[in-house]
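Remarks on the structure that follows.
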Amino acid sequence: MKIVEFLNEKAVTANMVANTKEAALRELVDVLAKAEGIKNRDELVKVLMSRESLGSTGIGQGVGIPHAKTNAVKKLVAALGICPHGVDFDALDGEPVHIFFLLIAPEDSAGPHLKGLARISRLLKDKYFRESLKQLRDEKTILKLIREEDAKKP
């Protein structure tokens, strides 16, 4: 599975302004909802905050992969946000999060959800890729970099 298969190109933001965990989730949900036509944004934020209460999805090294399941979507969808100043996201390493991949899957889908998480994690293990992504301030350039990385790695 490639990231471009579930990342909505219209759901990419290069200059997030959020400065709290909830604000970051709300900003990402707004971008994704606008791109995907998702109606109940507040409910989605609530589901994501509930998931965060189980343990932070800030996986370290400046990366957060907030994710949840809801019937607000029919297939796996994702948004990507770059936050230049970073957000305290209770990441495992205590560092601020700069790169956010928001994943939303239908309630009854385990396979695609897990494959999406695994794919994002695999790509973001590459320090050069992470650092390059973090520096970009233009959505088209971000998408170009993701397509290139996606094509390189099986």
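Derivation of every value follows stated rules applied to the coordinates shown; laboratory data play no part. Everything numeric here is computed off the predicted structure, so don't read it as measured data. Don't worry about glycine lacking a Cβ; one is built from the backbone with ideal geometry, like all the others, and counts go over all protein chains shown.
Report, in listed order, any pair from 74/125; 21/134; 2/75 with a Cα-Cα distance greater than 25 Å. Spell out each step's value before the answer.
Details: 74/125 29 Å; 21/134 18 Å; 2/75 14 Å.
With Cα atoms farther than 25 Å apart: 74/125.
In a shell of Cβ-Cβ distance under 11 Å around residue 108, excluding residue 108 itself, what net charge do Lys and Arg (+1) and Asp and Glu (-1) give?
+1
Using square roots of five times the C-alpha gyration tensor eigenvalues, list the equivalent-ellipsoid semi-axes of the range 5-51 in whole Å, biggest first. Don't skip to the answer; put the middle values down first.
On the way: eigenvalues 56, 41, 16 Å².
Largest first, the range 5-51 gives 17, 14, 9 Å.
Using amide H atoms built 1.01 Å from N in the peptide plane, name the residues 5+ places from residue 15, or on other chains, whose amide H lies under 5 Å from its own.
Sorted by chain and number, the residues that satisfy this are 82.
Take each of the peptides 114-123, 98-107, 33-42, average the number of other beta-carbon atoms within 10 Å over its residues, and list them starting from the highest.
Most protected by this proxy first, the peptides run 98-107, 114-123, 33-42.
Tabulate in residue order the Karplus-calculated ³J(HN,Hα) for the range 138-154, using 6.51 cos²θ - 1.76 cosθ + 1.60 with θ = phi - 60°, rounded to whole Hz; enter x for Gly and Pro.
9, 4, 5, 5, 4, 4, 4, 5, 5, 4, 5, 5, 4, 6, 6, 9, x
Give me, ordered by chain and number, the residues 5 or more places off residue 70 or on other chains with an amide H under 5 Å from its own placed amide H.
105, 107
With +1 on each Lys and Arg Cβ and -1 on each Asp and Glu Cβ, and nothing else charged, work out how big the dipole of the range 3-152 is about its Cα centre, in Debye to the nearest 20.
360 debye
Taking a temperature of 20 °C and a viscosity of 1.002 mPa s, what whole-number D in µm²/s does Stokes-Einstein yield for the range 16-107 with Rh from Kirkwood over alpha carbon pairs?
Value of D from the Cα-based Kirkwood radius: 167 µm²/s.
Using a 7 Å offset from the Cα along the Cα-to-Cβ direction at both residue 50 and residue 145, what is the distance between the two label points in nm, to one decimal?
3.5 nm
For the pairs 39/127; 10/46; 39/152, note any where the Cα-Cα span goes beyond 29 Å.
Working: 39/127 36 Å; 10/46 23 Å; 39/152 36 Å.
Exceeds cut-off: 39/127; 39/152.
How many percent of DSSP beta bridges within the chain run antiparallel, rounded to 5?
Expressed as a percentage, antiparallel bridges in the chain total about 55.
Counting alpha carbon pairs within less than 8 Å and at least 6 residues apart, what relative contact order, in whole percent, applies to the chain?
27 percent
With θ taken as phi - 60° and the coefficients 6.51, -1.76 and 1.60, list the Karplus ³J(HN,Hα) couplings across the range 43-58 in order, rounded to whole Hz; mark glycine and proline as x.
For the range 43-58, the Karplus curve yields 5, 5, 4, 4, 4, 5, 5, 5, 4, 5, 5, 7, x, 5, 8, x Hz.
Semi-axes of the equivalent ellipsoid of the chain: what are they in whole Å, largest first, if each equals the square root of 5 times a C-alpha gyration tensor eigenvalue?
Equivalent ellipsoid of the chain: 20, 18, 15 Å, largest first.
Could you give each residue of the range 63-77 its phi-based ³J(HN,Hα) in whole Hz, using Karplus coefficients 6.51, -1.76, 1.60 with θ = phi - 60°, and x for Gly or Pro?
Rounded to whole hertz, the list is 10, x, 10, x, 8, 7, 10, 7, 7, 6, 10, 9, 8, 4, 9.
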